[in-house]
Amino acid sequence: MSSETSDTLDQAMVRSSGLDTLLRDLTDRAVQEVPGAAACSITVRRAGRLLTLAGSDGLPSGLDQRQYENGSGPCVDAAETGDEQYAPDLAAESRWLSYTRYALSTGVRCVLAVPLAVEGATGAAINFYAVRAGALDTSRSEARTFAARVGDTIDVGLRIERHRQSAADVRLALLSRSVIDQAAGILMARDRIDARTALDRLRRASQKRNIKLRDLCGQLVSQVSGPASDRRQ
């Protein structure tokens, strides 16, 4: 890959406002950089299932999803086995028969799926689609080189996203703990009970009303801290 392309990918990381934007930039760039490619998508396993994180302009709707539903297809096999999958002419392809028929109906004739090494993901691949048979025959090397570079970029993006999600989970946990403590304090002051008894009452009320403990406590805190006119009603 040229140094210009490398610089462009690094710039995409910097200017991206999020993982979705970054990956969309990369799939669009892949179509420009890999001769013969008409569309590109990125497959990653999350929570035990494969999904498409991003797709370029021109990617036929449902093209990847059909593979996930069938449990077979070039991008599924590349992600799960770690082996590159190439179908130069889907019209003559004997693998993935159900998927092949669907892909041909969308105008896709040639597919190349290159596995990605992504930390924290048990399977990932970048998928190149072409509308002419054999369109990717001479550009598989470029696709592999691009995939190697993109794998590093996706890895960084996913790690950043996981860090942000972890931070968000911590903030939510802290907020939940705070509102629960406030609600328990309200019951302790109002009913002259200890902390354990207050928490037991809140948990029983949560179960009886089939509402999350955090939400129940939030409602109680809001009622007590609302305007005086509201509390008198």
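The values are calculated or read from the model by the stated rules, or taken from the named source; none is laboratory data. Quick caveat: nothing in here was measured; it's all calculated off a predicted structure. As a convention, Cβ positions derive from the backbone with ideal geometry for all residues, glycine included, and neighbour counts pool all protein chains shown.
Can you pull out every residue in the range 72-81 that is free of Cβ contacts under 8 Å to residues at least 40 places away in the same chain and either charged (D, E, K, R) or out of contact with any helix residue (DSSP H, G or I) (no Cβ under 9 Å at 6 or more places or on another chain) (or both)?
Hits for the range 72-81 are Asp77, Thr81.
For Ala121, state whether it is under 30 Å from Gly73 (Cβ atoms), hydrophobic (A, V, I, L, M, F, W, C) and either outside the structural domain of Asp25 (by TED's automatic domain parsing) or at pLDDT below 75 (or both).
Here the answer is yes, as Ala121 does meet what is asked.
Could you check the range 182-194 and list, in sequence order, the residues that are farther than 16 Å from Val221 by Cβ and not acidic (Asp, Glu)?
Within the range 182-194, Arg192, Ile193 meet the criteria.
Quickly run through the range 78-104 and pick out the residues that are closer than 20 Å to Ser139 by Cβ and not small (Gly, Ala, Ser).
Asp83, Glu84, Gln85, Tyr86, Pro88, Asp89, Leu90, Glu93
With respect to Thr81, is the statement that it is surrounded by fewer than 14 Cβ atoms within 10 Å (Cβ to Cβ) and either among the β-branched types (Val, Ile, Thr) or at pLDDT 95 or above (or both) true?
So Thr81 passes the test.
If I go through the range 30-78 residue by residue, how many of them are crowded, with 19+ Cβ neighbours inside 10 Å and of a type in the set (Gly, Ala, Ser)?
Total meeting the criteria: 11.
Could you check the range 42-64 and list, in sequence order, the residues that are in a strand (DSSP E or B) and in contact with a strand residue (DSSP E or B) (Cβ under 6 Å, 6 or more places away or on another chain)?
Ile42, Thr43, Val44, Leu50, Thr52, Leu53, Ala54, Gly55
Residues in the range 102-121 that are assigned to a helix (DSSP H, G or I), in contact with a Leu (Cβ under 9 Å, 6 or more places away or on another chain) and surrounded by fewer than 22 Cβ atoms within 10 Å (Cβ to Cβ): how many?
Result for the range 102-121: 2.
Being modelled with pLDDT of 80 or more and either touching a Ser or Thr at 6+ places or on another chain (Cβ under 6 Å) or not hydrophobic (A, V, I, L, M, F, W, C) (or both) is the filter here, so list the residues in the range 167-199 that pass it.
Residues satisfying the conditions are Gln182, Gly185, Arg190, Asp191, Arg192, Asp194, Arg196, Thr197.
Do we have Arg149 as within 29 Å of Ala78 (Cα to Cα), at pLDDT 70 or above and in contact with a Ser or Thr (Cβ under 9 Å, 6 or more places away or on another chain) here?
yes
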